[in-house]
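Chemist: I'd like to ask some things about the structure below.
The values are calculated or read from the model by the stated rules, or taken from the named source; none is laboratory data. All of these numbers come straight from a predicted model, not from anything done at the bench. Virtual Cβ from ideal backbone geometry, glycine too; neighbours counted across all protein chains shown. Just so you know, the surface numbers come from the protein's heavy atoms only, side chains and all, with ligands and any DNA or RNA stripped out. Shrake-Rupley method; radii C 1.70, N 1.55, O 1.52, S 1.80 Å.
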Amino acid sequence: MSLHLAQDAIIFWARLEAEAKTGTPPPFWATAWAGGQALARHLLDNPSITEGKRVLDIGSGSGLVAIAAAKAGAAKVVANDIDPGAIAAISVNAEANEVEVQPWFGDILRGDITDFDVVIIGDVLYEPGIAEDMLRILRAQAATGAVVLVGDPGRGHLPSFELRLLATYPMVDAAFTDAELKNASVYQLIPN
């Protein structure tokens with residue numbers, strides 16, 4: 001897989017702020033996060049999860065996991081993010097990998113999600129408030145019969161009693177706060 005990413009996301013962020021002459025949000029989309037790497041690897045190793053299915057990647061960032069779903073044979077892939085930079089990165093990276101991924105800009109937590117067979121998130125449960133809001137959406141999706149997969153390096157905001165561990169992968173490269181993480185895992189959210 002080919003991705004356009006920053007060589008060093010921290011330096012890239014500093015350059016963005018210098019160009020803007022003001023503080024800017026971190027360019028989370030400019031790196032391949034540990035949970036996303038694990039989830040992408042899992043989808044590529046297990047194409048039956050997404051093959052012929054409608055897939056939604058929430059908090060897609062660079063588009064890594066969405067692209068993996070498309071490469072694994074998904075019928076339709078939608079990659080959502082709230083950062084316009086991520087939407088641009090998703091488009092560029094999907095084109096570089098010769099797959100079709102539909103970028104969807106907007107706050108998914110405030111909308112209604114329908115018509116997806118598989119919902120995937122990588123590295124989105126990084127903060128308690130966001131994790132709580134995201135898990136509400138994910139539980140609703142699992143209750144409708146969607147397969148919900150979570151890629152996470154163990155940041156401590158996972159509801160372990162609702163998740164089934166599917167795989168754990170060693171991390172080769174990590175960024176920002178992931179630098180000290182050695183493994184990332186893929187889980188399936190089990191509906192109540």
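Chemist: How do the strands (runs of 3 or more DSSP E) wholly within the stretch 28-144 filter down when requiring 1 or more residues that are surrounded by fewer than 24 Cβ atoms within 10 Å (Cβ to Cβ), in contact (Cβ under 8 Å) with a residue 60 or more places away in the chain and within 16 Å of the chain's Cα centre (by Cα): which remain?
Modeler: Once the strands (runs of 3 or more DSSP E) in the stretch 28-144 are filtered for at least 1 residues that are surrounded by fewer than 24 Cβ atoms within 10 Å (Cβ to Cβ), in contact (Cβ under 8 Å) with a residue 60 or more places away in the chain and within 16 Å of the chain's Cα centre (by Cα), what remains is 54-58, 118-122.
Chemist: May I pose another question? Report the residue count in the stretch 155-192 for those that are of a type in the set (A, V, I, L, M), at pLDDT below 75 and open to solvent by 70 Å² or more (accessible area, probe 1.4 Å).
Modeler: Selection size over the stretch 155-192: 1.
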